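Each reported figure results from applying straightforward, stated rules to the coordinates on display, with no laboratory input. No experiment lies behind these values; they were computed from the predicted model shown. Ideal geometry is used to build each Cβ from the backbone, glycine not excepted, and the neighbour counts take in all protein chains shown.
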Amino acid sequence: MRHSQSLDVAYFDGLYSESPDPWGFAHSPYEDGKYSHTLEALGSERAKRALEVGCSIGVLTRRLAEACDSLVATDLARAPLEAARQRCGDLAHVTFRLVGAAPESFVGSFDLIVLSEVVYYWDDSDLARVAAAVDRALLPGGRILLVHWLGETNYPKSADEAVKGLWSLLPSMEVELAERREKYRLDLWRRAKSTSSLRA
């Protein structure tokens, strides 16, 4: 049965109290392949200042850092964030931020926002708040990269519902890439540089 409300810090604290890596990010061939696809989708365009929301233990963070001049990684749960900080301790251009709620991640201006396996954690109310925060934080011409598992979960939304919902709330976005693999979907959007490009 799905959760009706956004997954909060207590949910994630519970998972990490049972395992330091509950999804097997560090050793899963599936995750490794998905992360390679994620970096490949970004192409050669380097981000000046990027944001990763829900960085967990920092496996993707470390790989994303190669494509960014500056990277801010956030998480709700303290234990994985500390693990991420240690994993990336030699990367001076990566900073970490513990947040109390998802919209708190979007402090500052970014030309890349990475939402990997997080949007379906949010109910309609929080999705709207996140969309408003993204709208404030993403620079004109900036990109959003989303990656989401297509299988069954107990999260508030499915992958397709989450991506469709966020898309509907961000009319300044244009699709650059939309790919479906067997187990996940990857979507890359770019913010229009002028209001004349807004969707009707």
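Structural remarks
- Number of residues in the range 121-144 that are free of Cβ contacts under 8 Å to residues at least 40 places away in the same chain and either under 27 Å from S36 (Cβ atoms) or in a strand (DSSP E or B) (or both): the value is 2.
- Search result, residues across the range 145-177 that are in a loop (DSSP other than H, G, I, E, B), among the small types (G, A, S), in contact with a Lys or Arg (Cβ under 7 Å, 6 or more places away or on another chain) and more than 20 Å from A50 (Cα to Cα): G151
- The single condition from (1) farther than 19 Å from Q5 by Cα; (2) exposed (fewer than 15 other Cβ atoms within 10 Å of the Cβ) that N154 fails is (1).
- Yes/no for D111 being charged (D, E, K, R), touching a residue at least 60 places away in the same chain (Cβ under 8 Å) and either assigned to a loop (DSSP other than H, G, I, E, B) or under 24 Å from E45 (Cβ atoms) (or both): yes
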